[in-house]
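The values are calculated or read from the model by the stated rules, or taken from the named source; none is laboratory data. Computed from a predicted model, the values in this text were never measured in an experiment. When we count neighbours, we look across all protein chains shown, and the Cβ atoms used for this are built from the backbone with ideal geometry, even at glycine. Side chains included, ligands, DNA and RNA excluded: accessible areas come from the protein's heavy atoms. Shrake-Rupley method; radii C 1.70, N 1.55, O 1.52, S 1.80 Å.
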Amino acid sequence: EDKETGLVWHFGDADPEFGSWQSKELNDHLTGVLATFKVQVITGKDWLQVRLADVNKAVMSQRILDWMKPDASPDFIFCAGDDRTDEDMFKVLNAMSSENIFTCSVGMRPSKAGFYVREPEDLSSGLVSLAKGTL
């Protein structure tokens, strides 16, 4: 997968054992080769990503919040995510310590999010209920 700020290698369709082994090998190799560059090599469930070090969800979330602060704090923030790349974003939002900020992890896993739902469908139905005012 080609992104504007990085590259992602998905190996979910590969043999699970072989894909996992290749991912670890690629991670070790890229971490060494790219050590002098301002990039990060990160892994998740069935993917490996190389991205610019200062371009991620946490940095962008903080920039948006900093841009908004001079005018007023947001009335409501809801942030949901389903993998490791969302954790720093949750941390940034949780640090604001506001009653109007809600972070939610999709899937049961260790997370910095304040809440979790088991499946994407649970998030969808919760958002529908929230929109209807029946939550």
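Return yes when Gly114 is surrounded by 11 or more Cβ atoms within 10 Å (Cβ to Cβ) and within 27 Å of Glu4 (Cβ to Cβ) and no when it is not. No.
Put simply, of Leu34, Leu52 the only residue that is over 25 Å from Tyr116 (Cα atoms) and either touching a residue at least 40 places away in the same chain (Cβ under 8 Å) or open to solvent by 80 Å² or more (accessible area, probe 1.4 Å) (or both) is Leu52.
Each row is one residue, and each column tells you yes or no for (1) of a type in the set (Gly, Ala, Ser); (2) modelled with pLDDT of 90 or more.
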position: Gly81; (1), (2): yes, yes
position: Arg84; (1), (2): no, no
position: Phe90; (1), (2): no, yes
position: Ala95; (1), (2): yes, no
position: Asn100; (1), (2): no, no
position: Cys104; (1), (2): no, yes
position: Met108; (1), (2): no, no
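Residue pairs whose Cβ atoms lie under 7 Å apart, separated by 6 or more positions or on different chains, with the first residue in the range 71-93 and among the acidic types (Asp, Glu) and the second assigned to a strand (DSSP E or B), are Asp82/Val106; Asp83/Gly44.
Residues in the range 1-52 that are closer than 20 Å to Asp88 by Cβ and among the basic types (Lys, Arg) were compared, and the one that is modelled with the lowest pLDDT is Lys3.
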